[in-house]
1. Being in a helix (DSSP H, G or I) and in contact with a strand residue (DSSP E or B) (Cβ under 6 Å, 6 or more places away or on another chain) is the filter; apply it to the range 1-22 and report the residue that is least open to solvent (accessible area, probe 1.4 Å).
2. Does R163 qualify as being part of a strand (DSSP E or B) and over 17 Å from M98 (Cβ atoms)?
3. Identify all residues within the range 158-174 that are touching a Ser or Thr at 6+ places or on another chain (Cβ under 6 Å), surrounded by 14 or more Cβ atoms within 10 Å (Cβ to Cβ) and under 14 Å from F196 (Cα atoms); write none if there are none.
4. Residues L25, L78, L85: which one is in a loop (DSSP other than H, G, I, E, B), open to solvent by less than 40 Å² (accessible area, probe 1.4 Å) and either of a type in the set (S, T, Y) or without any contact (Cβ under 8 Å) to a residue 60 or more places away in the chain (or both)?
5. Report yes if V194 is of a type in the set (A, V, I, L, M, F, W, C), open to solvent by less than 80 Å² (accessible area, probe 1.4 Å) and either in contact (Cβ under 8 Å) with a residue 40 or more places away in the chain or touching a helix residue (DSSP H, G or I) at 6+ places or on another chain (Cβ under 7 Å) (or both), otherwise no.
Amino acid sequence: VVEGNTKYYDSDIIEISGIPVGKSLYGFDKYKAIEKIQASFAYAAKVEIRRRIPNTVVITITEAEPAAVIQQDGIYWLMDSNTRLLEKIDAARAQEYMTISGITMFEPAEATEVKAVDENELKLKQLKKLLAALEENEMTPHISYIDLNLVSDIVISYDERLRVNLGDGSDMEYKLRYFLKILDEIPETDSGTVTFTDSKTARFIMD
């Protein structure tokens with residue numbers, strides 16, 4: 001039995017898992033089955049397999065949530081907040097998600113986490129921290145882009161009216177929480193740039 005799956009045919013997941021039908025409940029390696037499923041189905045972010053006595057194996061899928069788009073070689077890749085690549089999409093659909101610039105990926109492929117070419121490793125590390133922090137603070141829907149071209153000046157766009165320069169990415173979570181407090185003091189009609197000079201100091205300059 002497959003639960004939680006909306007993207008694929010249940011029969012395909014069962015087939016890829018390699019779990020034999022009509023055999024002993026303990027006649028397979030569930031960890032190997034999980035690995036096969038995650039390697040074959042990009043949206044299978046988390047897979048659990050449990051045995052239900054007397055005669056059922058339950059495969060539970062937790063599906064990935066699309067979070068951002070990264071473009072390389074003219075291809076738009078949709079990824080989740082853990083930088084797992086989900087699928088290739090067209091330019092029109094890419095506009096629905098925040099875009100990430102400044103990272104060059106190494107051999108991108110569906111159902112794998114982003115790997116960066118050597119000089120981009122630090123950028124990728126900072127990206128993962130930032131995506132997690134944005135999700136934690138429920139800011140993801142408000143962000144239209146993340147600019148990592150300069151790892152010393154990481155910039156995000158909030159509601160397409162405020163550019164936020166987070167500096168080198170240190171104390172990322174604290175800076176985002178601080179920004180949310182600053183946000184209450186900026187009129188919704190104003191646009192401009194919020195720049196962090198350190199973790200506890202930020203200034204707003206209107207356009």
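1. I13
2. no
3. If the condition is that a residue be touching a Ser or Thr at 6+ places or on another chain (Cβ under 6 Å), surrounded by 14 or more Cβ atoms within 10 Å (Cβ to Cβ) and under 14 Å from F196 (Cα atoms), then R163, N165, D168, D171 are the ones that fit.
4. L25
5. Yes; evaluated as a whole, the condition is true for this residue.
The values are calculated or read from the model by the stated rules, or taken from the named source; none is laboratory data. Given the structure is predicted, the values throughout are model-derived calculations rather than measurements. In this analysis, Cβ positions are derived from the backbone assuming ideal geometry, glycine residues included, and neighbour counts consider all displayed protein chains. The accessibility values were calculated without ligands, DNA or RNA, using every heavy atom of the protein model including side chains. Shrake-Rupley method; radii C 1.70, N 1.55, O 1.52, S 1.80 Å.
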